[in-house]
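Engineer: Quick one: structure below, then a few questions.
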Amino acid sequence: MYVHELSYPITKIKGIGKVTASDFATLGVEKASDLITLFPRSYDDRSVMRSLNDISEESGTINTAVTITEHSHYFDSRKNRVLKLTAKDLNSGRTLYIHCFGRSFMENAYPVGSSWFINANVARMKGSFSTSSFTLGSEEVVGVGKILPVYPLSGSLTQRAVRKAVDSILGVKYIKFEDELPYSIIEKHRLMHTDEAIRQMHHPRDMQSLERARKTIAYSELFHLELSLLMKNRKDGKKTVKSTVSALEKKLIGRLPFKLTDDQEKCLEEIRCDIDRGGMNRLLQGDVGSGKTLVAWLSALHVIAKGGQTAFMAPTELLARQHAEGAAELLSGTGVNVAFLTGDIKKKERGYLLDALKRGDIDLVIGTHALFSKDVVFRNLQYVIIDEQHRFGVEQRDALSSKGKKPSILMMSATPIPRTLALTVYGSMDISTIYSKPHGRKPVITHIVDEKNRERMYQAIGVEFQRGHQAYFVYPRIDDEGESDLKDVTTMYSFLKTKYPDIPSRLIHSRLSEEEKIEILDEFRDKKIMYLVSTSVVEVGIDIPDATCMIIEHAERFGLAALHQLRGRVGRSSLQSYCFLVYYGSLSEEAVSRLKVMRQTNDGFEIAETDLKIRGPGEFTGSRQSGFLRLKVASLVNDVELMAQAKEDAGEILASDPGLIRQENAMLRIIAASQVAIN
C-alpha cells in the first residue's frame, strides 16, 4: 500500500483515546498516515557504549553498565528526603552518584549488588560524577545498542506513548509501503525503497542509514512537489522561437545614455521569445536599482510595435504615478501613447481616457487597482505587467488579464527570491533574473550605529549636504503615541531642523494625501528640499540620483527585506552612498544577525537567503498554510541541490511521458491524484 492509503483515524489504534487524539491533532496527526509520517525531530544515539572515562568536559552523556554499591539519603534545600544511589561504572571502574529526586521507590527496585544499564546526563565536578537525569534499567528499557527516535510532543504526550503508537503501525505484518519513486530514480540517486526509508527514519540501524533514509524521504517530498507544479503549469508543445528586436525598441535603446547590462539584455531576450511564442507567465526579479523597470518598458515596446496594448499595474497611486511620469519622459518622441489611470481621476477625464483605451488609441496604460474595474475595456490587450507582484492577489491579477485574450504576463519583484523558494513557490512560472547593477554604481557603505554615538553620524551627513547631496531619515512611527522609547517622524522632524537649520526639508508619511506626497517627492527630485523625514513609505519606487544617505532609526525593529529596500533608495548613481542603521539598547540574537548581514553585503540575493534562514519559508512568503509548506523532512533552506535535482528529474519524466501512462510511472499518477484530492 501507499502511505496515503493509511487513512483510518488514529483513535482506532489501541491506547489512543479522545484526549491523546486531541494532543496528536495539535501536531497535525489525525490519520494513521499522519502518524507514520510524524518523523522524529532528533535522535538519542545509544548504539555506542560510553563510560565515565569518555566525559572530558564539565558534562556529557554516558551509556554504560553499572552496579549499585550503596544506598544513602540526604535532605535537599526544601527539606525533602532524597535517595542517592552510589554506583560503579563497570566499563571504567569509576564511581557515579545517582540522585533520585522524588523517586524513593528506587531503593527497593535497585538493591545493593544489582547490575543495570544506564543512560544519563552526567555532571563532573572535582573528579566526581553525578546525575539526576537518567534512565536506569534493563537493556531493553534503556535502549542499549539502539538509536532512539525523539518525537515532537504536545499536551500530555510522552516519548514512550508516541513510540508505542508508531510501532503499532510498523509492527503490522501486512503493511509494506509501496515505492513512491520510479525504480530508475531510486537507482540513479542510490536512494532507499520507500518502506525501508520510513522504517529507518523511525528506527535507524546506524547514522549512515538514517542519513540515507532522510535523503530518500526529502527527495521524494520535493520530487512530488515539483512534479505537481510542472503538471499544473507545463507548456506542452512549446516551440523555441528566435525573437526579433523591433525598430521601436532599437530607437529607444539608441537614445539611452548608457549601455544595457548583460543581465538586462538576457532577460529581454527571454521575455521577447516568450511573448512571440504566446502565453508568457514570467517573473522578472532583480535587486533594488538593477533596472527592472527599463526592461519592462522595452518589452512593452516589443508588443506595441506589433499593434498590441500593454497594461502596467502598480500597488499604490504614488508608485503608479512615478512609473507613469518616468515612462512618459523615457518614451517621448517614440510615438507611443502613454496614459495614467487611477480611481481618483475625475469622471469626465476618465470617460475620455476609457474611450481612447477602447479605441486602441492608448498603447500603454499605467495605473493601480482601477485597471481591472469593469468599465475598463481594451481594444487589444496583449501584455500585462505587474509591479511589486507580491502585493496583489491571484484574483486581482486574473481580473486584469481577463481583459485580453490570454495576454502575456510579466510579474516584477524588487525583493530577490531565494533560489529555494524560486524552485517551489514560483516553480510554476519561468523566472528571469537581473543580478548585476547598472555600470558605474558603487556599493552602499553601511554603518551600524549605537544611538548613543549618533553625533558623528550627524556630522558625516552634514558633510554630504555641503556637497549638494540629499538624505532620507526613516523612523518607525508617525508620532509619539505615548511610547517615548520609540523615535517618531513628527518629533524628529523638529529636532533635525535644529540640527540642520539652513537645510530645507519636508515631512512625509502615510497620513498625507497622495497629492501631498507627490508634491513633496517632486520638490525632493528638483532639490528644492535636501532631506526627507519619513516612515517606510519611501521603501519602494523612489529614484533620486543625488540622494546619498539613508538613516534608519530603530533598525533593530525592521526586517531584512525592509532594511534592504530602504537602503536601495540610495546608491542610484555613480556617487558614493551611505546607510546608517541606528539601534537602541541590547539587541536580540536575531537582530544582530540582520544588522550584520546588512553591513557585510549589498547583494539582495544573499540577503534574501539569510532572511529565509532567519524567518523561515512561511514567514518569508506570507503563506504559512500553503500546500508547499507541507514538507515534513525536506528543508527549503538546506536541500537546495536536492530540490534542483528533483525538479530536473520531474521535468525529464514529464517530457518523455506527459500523461504518466507508462507502467513505471503508474505510482506517480496515483500519488498525484491523491494529492489533488487532499488539496
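The values are calculated or read from the model by the stated rules, or taken from the named source; none is laboratory data. Keep in mind it's a predicted model, so treat the numbers as computed, not measured. Cβ sites come from the backbone with ideal geometry, for glycine too, and all protein chains shown count toward neighbours. Note: areas computed on protein heavy atoms with side chains; ligands, DNA, RNA excluded. Shrake-Rupley method; radii C 1.70, N 1.55, O 1.52, S 1.80 Å.
Engineer: For the subset of segment 266-299 comprising residues that are open to solvent by less than 10 Å² (accessible area, probe 1.4 Å) and hydroxyl-bearing (Ser, Thr, Tyr), which member is farthest from the chain's Cα centre (by Cα)?
Structural biologist: The qualifying residue farthest from the chain's Cα centre (by Cα) is Ser299.
Engineer: Another one. Give me the pairs, please: first residue somewhere in segment 46-59 and within 20 Å of Met207 (Cα to Cα), second residue anywhere and open to solvent by less than 80 Å² (accessible area, probe 1.4 Å) and in a helix (DSSP H, G or I), beta-carbon distance under 9 Å, and either six or more positions apart or on two chains.
Structural biologist: Arg46/Val142
Engineer: Quick check: anything in segment 222-229 buried (at least 16 other Cβ atoms within 10 Å of the Cβ), under 30 Å from Lys146 (Cβ atoms) and within 33 Å of the chain's Cα centre (by Cα)?
Structural biologist: Scanning segment 222-229 turns up at least one residue that is buried (at least 16 other Cβ atoms within 10 Å of the Cβ), under 30 Å from Lys146 (Cβ atoms) and within 33 Å of the chain's Cα centre (by Cα).
Listed here are the residues, each with its yes/no results for (1) hydrophobic (A, V, I, L, M, F, W, C); (2) touching a Leu at 6+ places or on another chain (Cβ under 7 Å); (3) on the phi > 0 side of the Ramachandran plot.
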| residue | (1), (2), (3) |
| --- | --- |
| Met49 | yes, no, no |
| Ala65 | yes, yes, no |
| Thr86 | no, no, no |
| Asn91 | no, no, no |
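Engineer: When you go through Asp488, Asp546 one by one, which is the residue that is under 30 Å from Leu612 (Cα atoms) and in contact (Cβ under 8 Å) with a residue 12 or more places away in the chain?
Structural biologist: Numbers: Asp546 fails: under 30 Å from Leu612 (Cα atoms).
Selected residue: Asp488, the only one of Asp488, Asp546 that is under 30 Å from Leu612 (Cα atoms) and in contact (Cβ under 8 Å) with a residue 12 or more places away in the chain.
Engineer: Further question: Quick one: His203 ticks every box in (1) in contact with a Lys or Arg (Cβ under 8 Å, 6 or more places away or on another chain); (2) within 30 Å of Val48 (Cα to Cα); (3) touching a residue at least 40 places away in the same chain (Cβ under 8 Å); (4) open to solvent by less than 60 Å² (accessible area, probe 1.4 Å) bar one, so which box is it?
Structural biologist: (4)
Engineer: Counting only residues that are basic (Lys, Arg) and under 32 Å from the mean Cα position of the chain (by Cα), how many does segment 308-353 have?
Structural biologist: 1
Engineer: On to the next question. Considering each of Val474, Val540, Val533 in turn, give the residue that is in contact with a Phe, Trp or Tyr (Cβ under 8 Å, 6 or more places away or on another chain) and β-branched (Val, Ile, Thr).
Structural biologist: Val533
Engineer: Next up: Does Lys497 satisfy being modelled with pLDDT of 90 or more, open to solvent by 10 Å² or more (accessible area, probe 1.4 Å) and either outside any helix (DSSP H, G or I) or among the polar types (S, T, N, Q) (or both)?
Structural biologist: Judged against the criteria, Lys497 is not a match.
Engineer: Within segment 6-28, work out how many residues are in a helix (DSSP H, G or I) and in contact (Cβ under 8 Å) with a residue 60 or more places away in the chain.
Structural biologist: 6
Engineer: Could you tell me whether any residue of segment 252-265 is over 32 Å from the mean Cα position of the chain (by Cα) and either among the hydroxyl-bearing types (Ser, Thr, Tyr) or surrounded by 15 or more Cβ atoms within 10 Å (Cβ to Cβ) (or both)? Explain how you work it out, then say what you get.
Structural biologist: Of the residues in segment 252-265, the ones over 32 Å from the mean Cα position of the chain (by Cα) are 252-259.
Then drop every residue that is not either among the hydroxyl-bearing types (Ser, Thr, Tyr) or surrounded by 15 or more Cβ atoms within 10 Å (Cβ to Cβ) (or both), which leaves 252-253.
Yes, that holds for at least one residue.
Engineer: Residues in segment 79-107 that are surrounded by 13 or more Cβ atoms within 10 Å (Cβ to Cβ) and among the basic types (Lys, Arg): how many?
Structural biologist: Of the residues in segment 79-107, 4 are surrounded by 13 or more Cβ atoms within 10 Å (Cβ to Cβ) and among the basic types (Lys, Arg).
Engineer: Only residues that are more than 14 Å from Gly571 (Cβ to Cβ) and acidic (Asp, Glu): list them for segment 536-552, please.
Structural biologist: The answer is Glu539, and nothing else.
Engineer: Residue by residue through segment 610-631, note down the ones that are of a type outside the set (S, T, N, Q), assigned to a helix (DSSP H, G or I) and modelled with pLDDT of 70 or more.
Structural biologist: Asp611, Leu612, Lys613, Ile614
Engineer: Sticking with this structure for a sec: Out of the residues in segment 29-50 meeting the condition of being in a helix (DSSP H, G or I) and open to solvent by less than 20 Å² (accessible area, probe 1.4 Å), tell me which one is nearest to Ser209 (Cα to Cα).
Structural biologist: Residue satisfying both the conditions and the ranking: Ile36.
Engineer: Only one of (1) at pLDDT 85 or above; (2) assigned to a loop (DSSP other than H, G, I, E, B); (3) open to solvent by 40 Å² or more (accessible area, probe 1.4 Å); (4) not acidic (Asp, Glu) fails for Leu660. Which number is that?
Structural biologist: Just one mismatch for Leu660, condition (3).
Engineer: Then there's this: Which condition number in (1) in contact with a Gly (Cβ under 8 Å, 6 or more places away or on another chain); (2) over 30 Å from Ile253 (Cβ atoms) is the one that Phe372 fails?
Structural biologist: Every listed condition holds for Phe372 apart from (1).
Engineer: Just name the residue that is surrounded by the fewest Cβ atoms within 10 Å (Cβ to Cβ) out of those in segment 122-166 that are in a strand (DSSP E or B) and under 35 Å from the mean Cα position of the chain (by Cα).
Structural biologist: Ranking the qualifying residues of segment 122-166, first place goes to Val150.
Engineer: Among the residues of segment 508-531, count how many are surrounded by 18 or more Cβ atoms within 10 Å (Cβ to Cβ), among the hydrophobic types (A, V, I, L, M, F, W, C) and closer than 27 Å to Ile345 by Cβ.
Structural biologist: Qualifying residue count for the region: 4.
Engineer: With respect to Ala471, is the statement that it is modelled with pLDDT of 95 or more and buried (at least 16 other Cβ atoms within 10 Å of the Cβ) true?
Structural biologist: yes
Engineer: Being part of a strand (DSSP E or B) and either touching a residue at least 40 places away in the same chain (Cβ under 8 Å) or acidic (Asp, Glu) (or both), is that true of even one residue in segment 509-528?
Structural biologist: Within segment 509-528, not a single residue is part of a strand (DSSP E or B) and either touching a residue at least 40 places away in the same chain (Cβ under 8 Å) or acidic (Asp, Glu) (or both).
Engineer: Taking segment 1-21 only, how many residues are polar (S, T, N, Q) and either open to solvent by less than 60 Å² (accessible area, probe 1.4 Å) or farther than 19 Å from Arg163 by Cβ (or both)?
Structural biologist: Total satisfying the criteria: 2.
Engineer: Check every one of the helices (runs of 4 or more DSSP H) wholly within segment 313-419 and list those with 2 or more residues that are β-branched (Val, Ile, Thr) and open to solvent by less than 10 Å² (accessible area, probe 1.4 Å). Break it down into steps so the answer makes sense when it comes.
Structural biologist: Values: elements: 317-331, 347-359, 394-401.
In segment 313-419, no matching helices (runs of 4 or more DSSP H) lie anywhere.
Engineer: Of (1) open to solvent by less than 60 Å² (accessible area, probe 1.4 Å); (2) more than 15 Å from Phe39 (Cβ to Cβ); (3) modelled with pLDDT under 95, Leu191 satisfies all except one. Which?
Structural biologist: (3)
Engineer: Go through segment 169-184 and count every residue that is open to solvent by 10 Å² or more (accessible area, probe 1.4 Å) and either β-branched (Val, Ile, Thr) or out of contact with any helix residue (DSSP H, G or I) (no Cβ under 9 Å at 6 or more places or on another chain) (or both).
Structural biologist: Result for segment 169-184: 4.
Engineer: Consider Leu284 against the criteria (1) in contact with a helix residue (DSSP H, G or I) (Cβ under 6 Å, 6 or more places away or on another chain); (2) within 28 Å of Ala608 (Cβ to Cβ); (3) assigned to a helix (DSSP H, G or I); (4) among the aliphatic types (A, V, I, L, M): it satisfies all of them except one. Which criterion is unmet?
Structural biologist: (3)
Results for (1) in contact (Cβ under 8 Å) with a residue 12 or more places away in the chain; (2) touching a Pro at 6+ places or on another chain (Cβ under 9 Å); (3) aromatic (Phe, Trp, Tyr), shown as yes or no for each residue.
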{"position": "Asp287", "(1), (2), (3)": "yes, yes, no"}
{"position": "Gly307", "(1), (2), (3)": "yes, no, no"}
{"position": "Ala311", "(1), (2), (3)": "yes, yes, no"}
{"position": "Glu317", "(1), (2), (3)": "yes, no, no"}
{"position": "Arg321", "(1), (2), (3)": "yes, no, no"}
{"position": "Ser332", "(1), (2), (3)": "no, no, no"}
{"position": "Ala339", "(1), (2), (3)": "yes, no, no"}
{"position": "Gly343", "(1), (2), (3)": "yes, no, no"}
{"position": "Gly351", "(1), (2), (3)": "no, no, no"}
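Engineer: Scan (1) part of a loop (DSSP other than H, G, I, E, B); (2) of a type in the set (Lys, Arg); (3) loosely packed, with under 13 Cβ neighbours inside 10 Å for the single condition Lys452 breaks and write down its number.
Structural biologist: (1)
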